[in-house]
Amino acid sequence: MSNRKSSKAKKSNPKYIFVVGGVMSGVGKGITTSSMGLILQSRGFNVTAVKIDPYVNVDAGTMNPLEHGETFVLADGLECDQDMGNYERFLDTQLTRTNYMTTGSIYLSVIEQERALKFGGKCVSVVPHIPNEVIQRIKRAQQEQDADITIVEIGGTAGEYENLLFLDAARLLKLENPQDVLFVLVSYLPIPNKIGEMKTKPTQHASRLLNSAGIQADMIIARSTHALDEIRKQKLSVMCNVSVDDVISAPDVDSIYHVPINFEDDNVSTKILKKLDLRPRKRDLKEWTSFTQKIDAANKEVKIGIVGKYFSSGNFVLSDAYISVIEAIKHASYFYRIKPVIDWIDSADFENDPKKVSTLKQYDGIIIPGGFGERGVEGKLKVIQYIRENKIPYLGLCYGMQLAVVEFARNVAKIKNAHTAEIDPKTSDPVIHIMPGQDTNIEQGSMGATMRLGEYVCDITPKTLTRKLYNSAQVQERHRHRYEVNNTYREELEKAGLTIAGVNPDNDLVEIIEIPKHPFFIGTQFHPELLSHPTNPHPLFKGFIKACHKK
């Protein structure tokens with residue numbers, strides 16, 4: 001009897017689920033990972049998620065947003081892939097730099113260990129030392145967060161040589177712990193227009209490519225525009241060596257937030273727990289279900305314009321460059337049962353044709369998100385002036401806040417040559433200037449991971465709209481910038497009517513600005529979108545959407 005009790009009390013071995021892609025990129029591995037994490041979390045298990053990026057970049061901070069999508073910033077300052085944002089949003093947690101790795105960071109770590117003689121004079125080889133480092137990182141993430149289940153997303157698709165070493169690490173971990181490791185293949189089943197039939201062959205090839213790396217999928221998440229029928233499930237079962245019950249239909253949905261609910265309709269969490277020999281606990285998805293019901297009940301609309309420059313990718317629009325902003329808009333809108341209609345506006349259009357700025361009157365609100373560089377800056381300044389003068393709700397994020405200060409300085413405070421030193425280093429009135437120490441980084445070409453990154457404290461000014469929205473005297477927010485408001489001009493700007501609504505207490509850095517007697521005009525030096533969650537929208541976005549709806 002006592003043996004049974006100790007057996008029950010004993011915590012099971014850590015479990016690992018590897019999520020691998022097939023056929024094409026962008027198939028939904030990140031949402032699959034996030035959704036699986038959420039439904040397993042809802043069964044009472046502690047879940048964490050790890051992302052492996054097959055890039056030689058040491059982190060995502062130097063990656064082009066048009067190629068890679070948004071750079072997400074963690075609380076500890078790591079610049080990483082946008083999927084880390086999905087993990088945090090779905091799991092409602094804070095991850096650390098341990099949860100993210102790239103090819104570059106792994107090789108760099110192994111080389112640094114070799115230089116420090118950590119291998120005891122052994123010849124260091126790609127195999128096994130690189131896969132071993134990957135396994136150590138995965139285990140470290142599990143240990144740091146005491147996770148029952150660690151879900152690891154391997155970037156890229158099966159068959160690419162860039163991620164072979166990561167697949168090998170997964171294979172070795174399975175070899176070491178055969179009962180504790182699960183493989184999930186997320187693949188795409190196209191329906192060619194001229195044929196009109198769903199094709200399984202690409203997924204069959206993806207499965208075999210995975211087999212060639214020594215890995216057999218335990219479950220297939222079958223992505224497509226439509227739901228799979230039984231014939232395709234049977235075919236994938238036979239050709240890919242998985243049970244029919246383990247072929248999960250994952251058709252396109254209007255909202256990614258419905259994916260966990262759809263997974264549970266197919267009892268995905270129960271199937272996973274059974275495979276991992278974990279006893280299912282009572283399911284609790286009430287809060288998430290309530291959130292998705294608000295999405296379904298949204299019967300009002302607000303029209304939001306996002307003015308940026310990271311949109312065009314050839315003949316297509318890449319909204320992933322601003323994905324956290326988009327999701328934060330959705331979270332706040334759904335809170336009020338409002339459906340957001342979002343338009344992408346290229347700021348360069350207003351430079352080429354200034355009269356176009358009047359088209360902004362069709363929008364209920366405008367956001368200018370973060371960014372870098374000269375392109376489109378004058379267009380953004382024209383946009384800010386128009387919406388300030390025409391009382392259109394405005395939310396400026398990072399660069400959007402800095403340019404709001406430049407516009408106000410020029411057109412309200414009458415500082416004629418006001419500019420940001422980032423664009424014009426020789427300006428006589430740098431109302432936005434470089435932060436102390438950042439000039440040295442730029443001169444020395446030390447650009448990777450050297451910005452002001454991560455979470456910092458902000459004191460909120462009493463009797464401001466920001467204070468009312470936060471309902472707190474102090475908050476912590478995440479940053480990513482090299483430039484700041486020049487305090488030399490602060491008194492002059494405040495006399496002209498600009499409100500400094502938030503300040504970092506450690507270095508007196510302006511963090512938030514407001515323009516009073518305006519429906520909503522707030523700019524933040526930080527990125528509030530990074531802390532917005534589906535069931536807990538960010539207060540600034542809630543205030544912005546509420547003002548947009550009133551308009």
**Message:** Scan the stretch 428-435 and tell me whether some residue there is over 22 Å from residue 94 (Cβ atoms), of a type outside the set (Lys, Arg) and modelled with pLDDT under 95.
**Reply:** yes
**Complete:** By residue number, the members of the stretch 164-189 that are assigned to a loop (DSSP other than H, G, I, E, B) and either β-branched (Val, Ile, Thr) or free of Cβ contacts under 8 Å to residues at least 24 places away in the same chain (or both) are 178
**Message:** Need pairs with beta-carbon distance below 8 Å; first residue free of Cβ contacts under 8 Å to residues at least 40 places away in the same chain and within the stretch 74-96, second part of a helix (DSSP H, G or I); sequence gap 6+ or separate chains.
**Reply:** 80/60; 80/97; 84/99; 94/88
**Asked** Filter the stretch 478-513 for residues that are in contact (Cβ under 8 Å) with a residue 24 or more places away in the chain and acidic (Asp, Glu); which is surrounded by the most Cβ atoms within 10 Å (Cβ to Cβ)?
**Response** 511
**Prompt:** What number goes with the only condition from (1) more than 24 Å from the chain's Cα centre (by Cα); (2) on the phi > 0 side of the Ramachandran plot; (3) not hydroxyl-bearing (Ser, Thr, Tyr) that residue 215 does not pass?
**Reply:** (2)
**Prompt:** Quick one: is residue 411 free of Cβ contacts under 8 Å to residues at least 60 places away in the same chain, within 23 Å of residue 385 (Cβ to Cβ) and out of contact with any Gly (no Cβ under 7 Å at 6 or more places or on another chain)?
**Reply:** yes
**Fill in**
Among the residues of the stretch 200-226, the number that are among the hydroxyl-bearing types (Ser, Thr, Tyr) and in contact (Cβ under 8 Å) with a residue 60 or more places away in the chain is 2
**Prompt:** If we only count helices (runs of 4 or more DSSP H) wholly inside the stretch 225-289, which ones have 1 or more residues that are within 27 Å of the chain's Cα centre (by Cα) and under 21 Å from residue 151 (Cβ atoms)?
**Reply:** 259-265, 268-275
**Item:** So residue 47, is it among the β-branched types (Val, Ile, Thr), within 21 Å of residue 536 (Cβ to Cβ) and at pLDDT 95 or above
**Value:** yes
**Wholly enclosed helices (runs of 4 or more DSSP H) of the stretch 28-120 bearing at least 1 residues under 17 Å from residue 534 (Cβ atoms) and among the aromatic types (Phe, Trp, Tyr)** = 83-91
**Failed item in (1) within 23 Å of the chain's Cα centre (by Cα); (2) more than 26 Å from residue 39 (Cα to Cα), with residue 144 passing the rest** = (2)
**Some residue of the stretch 448-466 being under 18 Å from residue 499 (Cα atoms), of a type in the set (Lys, Arg), in contact (Cβ under 8 Å) with a residue 24 or more places away in the chain and not in a loop (DSSP other than H, G, I, E, B)** = no
**Prompt:** Do you know which of the residues in the stretch 426-460 that are among the aliphatic types (A, V, I, L, M) and buried (at least 17 other Cβ atoms within 10 Å of the Cβ) is nearest to residue 80 (Cα to Cα)?
**Reply:** 453
**Test set (1) acidic (Asp, Glu); (2) out of contact with any Lys or Arg (no Cβ under 9 Å at 6 or more places or on another chain); (3) modelled with pLDDT under 95 - residue 287 fails condition number** = (3)
**Request:** Would you mind stating whether residue 167 is surrounded by fewer than 21 Cβ atoms within 10 Å (Cβ to Cβ), over 19 Å from residue 268 (Cβ atoms) and out of contact with any Leu (no Cβ under 6 Å at 6 or more places or on another chain)?
**Result:** no
**Asked** Within the stretch 501-519, is even one residue of a type in the set (S, T, N, Q) and not in a loop (DSSP other than H, G, I, E, B)?
**Response** yes
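Kindly indicate whether residue 293 is modelled with pLDDT of 95 or more, in the same structural domain as residue 177 (by TED's automatic domain parsing), part of a helix (DSSP H, G or I) and among the polar types (S, T, N, Q).
no
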**Message:** Suppose we filter 187, 207, 237, 243 for residues that are within 23 Å of residue 24 (Cβ to Cβ), touching a Ser or Thr at 6+ places or on another chain (Cβ under 8 Å) and surrounded by fewer than 18 Cβ atoms within 10 Å (Cβ to Cβ); which single one remains?
**Reply:** 237
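The values are calculated or read from the model by the stated rules, or taken from the named source; none is laboratory data. For clarity, every value in this text was computed on a predicted model and none was experimentally measured. Here Cβ is always computed from backbone atoms with ideal geometry, including for glycine, and neighbour counts include all displayed protein chains.
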